[in-house]
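All remarks here apply to the structure that follows.
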Protein chains: 4
Amino acid sequence: MASPPTSSAAPSDEATLRERLRRIIFEADTPAGKAFDVVLLVLIVASVLLVMWETVPGVREENRQLIVALEWVVTALFTLEYLARLWTAPSARGYARSFFGVIDLLSVLPVYLALVVPGAQSLLVVRSLRLMRVFRVFKMAHFLRQANFLLDAVRSSARKIAVFLLSVVLINVIVGSTMYVIEGAANGFDSMFRGVYWSIVTMSTVGFGDIAPQTGLGQVLAAALMIMGYSVIAVPTGIVSAEVASARAHDAPQPTCPACGWDDHDVRAVHCQRCGAVLHTAPAADRSPAADD
Amino acid sequence: MASPPTSSAAPSDEATLRERLRRIIFEADTPAGKAFDVVLLVLIVASVLLVMWETVPGVREENRQLIVALEWVVTALFTLEYLARLWTAPSARGYARSFFGVIDLLSVLPVYLALVVPGAQSLLVVRSLRLMRVFRVFKMAHFLRQANFLLDAVRSSARKIAVFLLSVVLINVIVGSTMYVIEGAANGFDSMFRGVYWSIVTMSTVGFGDIAPQTGLGQVLAAALMIMGYSVIAVPTGIVSAEVASARAHDAPQPTCPACGWDDHDVRAVHCQRCGAVLHTAPAADRSPAADD
Amino acid sequence: MASPPTSSAAPSDEATLRERLRRIIFEADTPAGKAFDVVLLVLIVASVLLVMWETVPGVREENRQLIVALEWVVTALFTLEYLARLWTAPSARGYARSFFGVIDLLSVLPVYLALVVPGAQSLLVVRSLRLMRVFRVFKMAHFLRQANFLLDAVRSSARKIAVFLLSVVLINVIVGSTMYVIEGAANGFDSMFRGVYWSIVTMSTVGFGDIAPQTGLGQVLAAALMIMGYSVIAVPTGIVSAEVASARAHDAPQPTCPACGWDDHDVRAVHCQRCGAVLHTAPAADRSPAADD
Amino acid sequence: MASPPTSSAAPSDEATLRERLRRIIFEADTPAGKAFDVVLLVLIVASVLLVMWETVPGVREENRQLIVALEWVVTALFTLEYLARLWTAPSARGYARSFFGVIDLLSVLPVYLALVVPGAQSLLVVRSLRLMRVFRVFKMAHFLRQANFLLDAVRSSARKIAVFLLSVVLINVIVGSTMYVIEGAANGFDSMFRGVYWSIVTMSTVGFGDIAPQTGLGQVLAAALMIMGYSVIAVPTGIVSAEVASARAHDAPQPTCPACGWDDHDVRAVHCQRCGAVLHTAPAADRSPAADD
């Protein structure tokens, strides 16, 4: 109703500006904050495309001046953004040491470095890591909830998947080494490392064809490996499927009993399944667990 | 009981013809309507095969006159069909602007256009889009219900899949750019775009082999990418599996309570799970959820 | 207790022999019947390996006489078996027209035909179809139950899978035709059919690499197709997973209520879940649905 | 409370040393035992990398002396370990004949053998099998429970998977033989074995591209095989998914009835589902089946 006179009475202009900037840069709950995030995302995508475009043969020679100009514009904007974040962050040290803080710095540093060390430009590849901010921007749209859902499903089966991957690596080392002995350098398996690489390429069903077994025995072993790889892919899928199904079942909002606090009821339950107290009057017939738009 | 004298009394012959034609063309509940749909489908498949056959090396030279004749027959029939649809549709404008209306027009236009602009013939590829009418024809056979089932399962997990695809694209941009820096143009990675293309080819386990890493470091990164791609495929599968299982569980006909109208019971329920009224006398023991033939 | 005097009293020697032979050839419930099946299976595998071995370059030239001799031995044995089956089958016509009857005939015919028509030998490839008898032999070991289980799971989702495959074919026709227009004959896409073939090779993540897009636009379209193929594989997997899970749940033996006949109880249920009658005295605690060895 | 005077009173020094060594080598419940396992694992990984590194072209020539020295150090350590295991094992014969006993011997034998028989060195590939000890070492970290979980899921569906693999092999023999007849030696299918090999490479979606069909008919058959392989992968995945989901459901700790000992209740059950006794006072609302860290 009235203006809050107690909190932050008469702050300096600088503090107000800093606070307002912080809300724009670090948060997305104001129109300006959302606009900043969207503009930043567009700029990041553009900067990544610029770095990639530059590597196309012939482009650098023909558009040297344009590329240099654009690169400096992007770098200047990113440098400004970095400094603004350093200034407005609750803890400058905390930001500078955070994952995104390091990436933000690394995505401008190579341009300055290239003034001294030629070729440092190629380190700009690190800028593509900034694309991960896309997930932060999508936070606005509650997209992150789905990402968390996926991460949870993967994380809770992480140990099973680790055992699975370990077995896969083991099988590949054993098969790849054997393959080197069978085929030998004459057929492209010029070291055991290459044999293991071939084995991974084959078992994951990628199959480049840059190396392929030529001897009969090698092809029999390859066939066995392929059929195994083809069947074994079922294991991680089965794990994650079960995990997602389970997470999905717990995803729906479940009514809590007002009497005993028991909260694991069916979405459509009318009476508490533990003590029998009435849960809510209108059953949520239309509430479907999949309705998350 | 009696003929309806109120509605459309004494229509002109033209209106009757138009109405009858409309039922044949746009609906499939009469024998003539079904026959029209089947003939149309056969014609579409034939026209697509004709366009494809024409592109086989040597065919055009040897069968020039036959191909031109067949092409004009098909085009004439499709043009007639388009005009008939325009005339009989409840709203000519609505049809002309609808998805299928645009495709129907685009599938005849290139032939006329080729009279003026040489080479417009190659736009006939758009005609293959007409094949999508196959789903409309299968409506007769209640096939569409299954298509809807699949679409529902995909749609309700669309957001999770979007997050998944976004992550996949991100990983590919990062890995592909790094790969360009590691391998360089000498090994076929002649731009970052090509690196990203290679990364997608590899992670999706397609593995053309037109580009393959040659350096040791590149092969290690490739191996890691493959094992990741191999495991990560579990995520969308898990999502859709859970979705299909859930949709399937709700697919079975559920008894409706005669007392309160509650219709979300177990197939085998005897009493209404909301008000306790008896649902039906004979339990549906033999009714299986999979019996949908 | 006593010998059955009523059935088949004093049969002729021939009828007895025929009946005994029938039991050995067509059934597997006697030691002789089992031995016959195993010997037949070994012979079929050997005959298929013989046909395959013969095609290895150089083998035919060096081992001409051995191969011809072995081929005639196998053919003679299979001919004898075919005649014996014709003679002992309850209906010779029925057997001759059955699936296996036709295959049994076709697997010996080419050898006789090759006496008249040179090159008919290559039709022997049909002999590999006889390998399907392996499933009949495994009947002894109750393996067939599992095959039925898989067939049921696939069959009950056949319609959904049909819609899925139809969509996949449609997408491939559209993408493949477009790819032909984009890439053209110069890059290996020498007809629209080849474009569709490439599209199927790519979307199914096989990726031979005999044809690969060379233009930038073609590679973008290819990348989109791959990511789609990679995600879309989730759909049939989801369908079959749900089907198998459901079939598995119904696989366990469920106690039937002696009072009301209700037979859809939990394996461990003690009281009928419909009328409350006692089902059986000792709960089957150790009976697990997976214990099928 | 007091020292146990009855068991193994006054053992000889040798027996004590042997027993202590046995606990270190064969068990992992003491700090020394854990340290031994970790050191052994590092040594095994190093020895495998040494064998692989040796095969890189050029490495052997330049580092001959270093490699020979390292190889003898590793072999000496492994020989010592083998002898120690023989001495401390409860039954020397039992260990020598066990799976790991044979592998432990085979991983040192080639080095000694190479003194007499040149080239026996290449048998060292068997040493990579020692990597399987990694699972024994991870026992410490309760990782084995997850491996058992996966093994159980695979084992209980082993028969279904066997039928599936048998069908896959059958299909590949039939398709591969047909492909040889269609394409012939001119297009790279130089024997039926190669046709079957190609068929396995294709159906498992590996697709090396070392052999690819060139005729139209061959490409149509290949396309059908690919779409089939793409769909059929759903079957093992569905089986394992259902198995994992089921195993997971039984994974959660289930309350045991204090009255009748019945232990297969729902995690949230309040009353025993068999005799009705109260199970526990506080409902395990927060206990999630996925909490296994």
Can C:PHE36 be described as in contact (Cβ under 8 Å) with a residue 60 or more places away in the chain, open to solvent by 50 Å² or more (accessible area, probe 1.4 Å) and out of contact with any Leu (no Cβ under 9 Å at 6 or more places or on another chain)? no
Would the stretch D:237-249 turn up any residue that is under 25 Å from C:VAL169 (Cβ atoms), open to solvent by 10 Å² or more (accessible area, probe 1.4 Å) and more than 8 Å from chain C (Cβ to nearest Cβ)? no
In the stretch B:184-193, how many are open to solvent by 30 Å² or more (accessible area, probe 1.4 Å) and either at the interface with chain C (Cβ under 10 Å from one of its Cβ atoms) or more than 15 Å from C:GLN219 (Cβ to Cβ) (or both)? 4
Looking at (1) open to solvent by 20 Å² or more (accessible area, probe 1.4 Å); (2) of a type in the set (Phe, Trp, Tyr); (3) at pLDDT 75 or above, can you tell me which one C:PHE78 breaks? (1)
Before we move on, is A:VAL196 surrounded by fewer than 22 Cβ atoms within 10 Å (Cβ to Cβ) and at pLDDT 90 or above? no
Subset of the stretch B:47-57 (residues that are open to solvent by less than 50 Å² (accessible area, probe 1.4 Å), part of a helix (DSSP H, G or I) and among the hydrophobic types (A, V, I, L, M, F, W, C)): B:VAL48, B:LEU50, B:VAL51, B:MET52
If we scan the stretch C:163-183, do we find a residue that is more than 8 Å from chain B (Cβ to nearest Cβ) and outside any helix (DSSP H, G or I)? no
Condition first: without any contact (Cβ under 8 Å) to a residue 12 or more places away in the chain and under 16 Å from C:ARG127 (Cα atoms). Now tell me which residues in the stretch C:59-79 satisfy that. C:VAL73, C:ALA76
Of the residues in the stretch C:205-225, how many are open to solvent by 20 Å² or more (accessible area, probe 1.4 Å), part of a loop (DSSP other than H, G, I, E, B), within 9 Å of another protein chain (Cβ to nearest Cβ) and over 18 Å from B:MET226 (Cα atoms)? 2
Restricting to the stretch D:88-105, name every residue that is hydrophobic (A, V, I, L, M, F, W, C) and loosely packed, with under 14 Cβ neighbours inside 10 Å. D:ALA92, D:PHE99
Positions within the stretch C:154-163 being among the β-branched types (Val, Ile, Thr) and open to solvent by less than 20 Å² (accessible area, probe 1.4 Å), in sequence order: C:VAL163
Just the residues that are surrounded by 17 or more Cβ atoms within 10 Å (Cβ to Cβ) and closer than 23 Å to D:ILE24 by Cα, please, taken from the stretch D:106-127. D:SER107, D:VAL108, D:ARG127
Scanning the stretch A:9-26 residue by residue, the ones that are surrounded by fewer than 10 Cβ atoms within 10 Å (Cβ to Cβ) and either of a type in the set (Phe, Trp, Tyr) or at pLDDT below 50 (or both) total 1
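Condition check ((1) modelled with pLDDT of 85 or more; (2) closer than 22 Å to C:VAL74 by Cβ; (3) part of a helix (DSSP H, G or I)) across all residues:
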residue: C:GLY101; (1), (2), (3): yes, yes, yes
residue: C:PHE135; (1), (2), (3): no, yes, yes
residue: C:MET140; (1), (2), (3): no, no, yes
residue: C:ARG145; (1), (2), (3): no, no, yes
residue: C:ASN148; (1), (2), (3): no, no, yes
residue: C:ARG159; (1), (2), (3): no, no, yes
residue: C:ALA186; (1), (2), (3): yes, no, yes
So C:LEU166 clears everything in (1) open to solvent by 40 Å² or more (accessible area, probe 1.4 Å); (2) in contact (Cβ under 8 Å) with a residue 40 or more places away in the chain except one condition, right? Which one? (2)
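The values are calculated or read from the model by the stated rules, or taken from the named source; none is laboratory data. Predicted model only: the values in this text are computed from it and were never measured. Note that we place each Cβ from the backbone using ideal geometry, even for glycine, and neighbour counts take in every protein chain shown. For accessibility, only protein heavy atoms count, side chains too; no ligands or nucleic acids. Shrake-Rupley method; radii C 1.70, N 1.55, O 1.52, S 1.80 Å.
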